[in-house]
1. Going by the conditions given, is Gly12 loosely packed, with under 12 Cβ neighbours inside 10 Å, touching a strand residue (DSSP E or B) at 6+ places or on another chain (Cβ under 8 Å) and not hydrophobic (A, V, I, L, M, F, W, C)?
2. Could you list, in sequence order, all residues of the stretch 16-47 that are assigned to a loop (DSSP other than H, G, I, E, B) and modelled with pLDDT under 85?
3. Going residue by residue through the stretch 63-75, is there one that turns out to be of a type in the set (A, V, I, L, M, F, W, C), at pLDDT 85 or above and touching a helix residue (DSSP H, G or I) at 6+ places or on another chain (Cβ under 6 Å)?
Amino acid sequence: MIAYRLQERAFGGLDRESLRFLHGLARHGGSPRRRLKPGTVLVRDYQGQRHTVTVVSDGFDWQGATYPSLSAIARAITGTAWSGPRFFALAREETAPPHAAIRMQVRGRAAMARNPRAE
């Protein structure tokens, strides 16, 4: 903390945008939700049918009806509870520790070398 204060005095503090971002993280306990702009079109093929969802200002349009969330649409499509962002491939993948990622890459290369169809 002391080093930060010294650096802040020497070079100046954070800009407004960075402060707003950090306050949002502290207030909501995590990263802010991904914001999709109205007009964005999401497409998902499920059981041989193509489903197209358009982001609108008050939710998501699917088959002429407006839904409050992608999860509600995913539930209507599948008949079961789904995470909407995951169903439409918007969910961020969990990140592995750096050493695990390196190990997976090494194994992936070895597997590709053994499987000529994977190349």
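1. Criteria not met by Gly12.
2. As a first pass, look at the stretch 16-47 and keep what is assigned to a loop (DSSP other than H, G, I, E, B): 29-40, 47.
Gly29, Gly30, Ser31, Pro32, Arg33, Arg34, Arg35, Leu36, listed by residue number.
3. Yes, the stretch 63-75 contains at least one residue that is of a type in the set (A, V, I, L, M, F, W, C), at pLDDT 85 or above and touching a helix residue (DSSP H, G or I) at 6+ places or on another chain (Cβ under 6 Å).
The values are calculated or read from the model by the stated rules, or taken from the named source; none is laboratory data. Note that the structure is a prediction, hence the values are computed from the model and not measured. All Cβ positions, even for glycine, are placed from backbone atoms using ideal geometry, and neighbour counts span all protein chains on display.
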